[in-house]
1. Can you go through 118, 138, 134 and tell me which one is at pLDDT 60 or above and closer than 30 Å to residue 36 by Cβ?
2. Considering the stretch 86-102 alone, what residues qualify as being touching a residue at least 12 places away in the same chain (Cβ under 8 Å), closer than 14 Å to residue 59 by Cα and either in contact with a helix residue (DSSP H, G or I) (Cβ under 8 Å, 6 or more places away or on another chain) or surrounded by 12 or more Cβ atoms within 10 Å (Cβ to Cβ) (or both)?
3. Restricting attention to the stretch 113-127, which residues are surrounded by 14 or more Cβ atoms within 10 Å (Cβ to Cβ) and touching a strand residue (DSSP E or B) at 6+ places or on another chain (Cβ under 9 Å)?
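The values are calculated or read from the model by the stated rules, or taken from the named source; none is laboratory data. Here the structure is a predicted model, which means the values were calculated and not measured. Cβ placement follows ideal geometry from the backbone for every residue including glycine, while neighbour counts extend to all protein chains displayed.
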C-alpha cells in the first residue's frame, strides 16, 4: 500500500499559498467593498442651523470622486420642495461646490448628493439643515400704487371750461326741421280748405236761384 507523502521542500510553498488566499479573503475583499468615497464634511453641516441660506453648498469627500458629465449631482430644495440650486456643481479635488440662489425663505432645506467614487462605483446620500431668516425681498413693481388703484381724477377745470358740442343732435321730437315741415303742411292744408270752401259757395247760390223763381 502506497502512502502519499509531501516532501519537505514543497511544504513551505503550500503554506505560503494558503496564507495568501486567507489574506485575500479576510482583508482584500472587505476593503474593496468599503472603498466607496464617503462624505466627511459639509458647509452647512448636516442637521445644523444657519441664519440665512449661503451663496454655495460645499461637500468634502474622503477621496477624489471621478468627474465627468452627469457624474456629480447635487439637489437642494426648500420646505416647499422648490429647488434653490443656481447652476451646475463644480468638482475641485475631493470638494464639490454647488452654487445656491441669492434669495430664499426660512425653513428646513434638504440636500441630496450623488457622485461616482474613486473606485468607479456610484454612491449617494442626503441630509438636512435649517435656515432661520428669510432673504426674500418683496417686488415693488408687483404692488399697485395708490394712483393705479384709485385711478386718475377727472379734470374738473377742463370739463367746466369745455365748449358745448354744436354738433350734438336735438331730440327727434324737437328737431327744427320737423317743426318747419309740419308748419308748411298745415299751411297748405288750410289754404286748400279755404279755396275749396270758396268754390262751393257760388255753386250753392246758383242752385238756390231757380228754386226761388
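1. Just a single option satisfies the conditions, and that option is 118.
2. In the first step, residues of the stretch 86-102 are kept if they are touching a residue at least 12 places away in the same chain (Cβ under 8 Å); the result is 86-87, 89, 91, 93-102.
Pick out the ones that are also closer than 14 Å to residue 59 by Cα and you get 89, 91, 93-100.
Scanning the stretch 86-102 gives 89, 91, 94, 95, 96, 97, 98, 99, 100.
3. Listed by number, the residues that qualify are 113, 114, 115, 116, 117, 118, 123, 125, 127.
To keep it simple, each residue is scored yes or no on (1) free of Cβ contacts under 8 Å to residues at least 40 places away in the same chain; (2) surrounded by 15 or more Cβ atoms within 10 Å (Cβ to Cβ); (3) on the phi > 0 side of the Ramachandran plot; (4) more than 27 Å from the chain's Cα centre (by Cα).
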| site | (1), (2), (3), (4) |
| --- | --- |
| 53 | no, yes, no, no |
| 59 | no, yes, no, yes |
| 62 | yes, yes, no, yes |
| 76 | yes, yes, no, no |
| 83 | yes, no, no, no |
| 104 | no, yes, no, no |
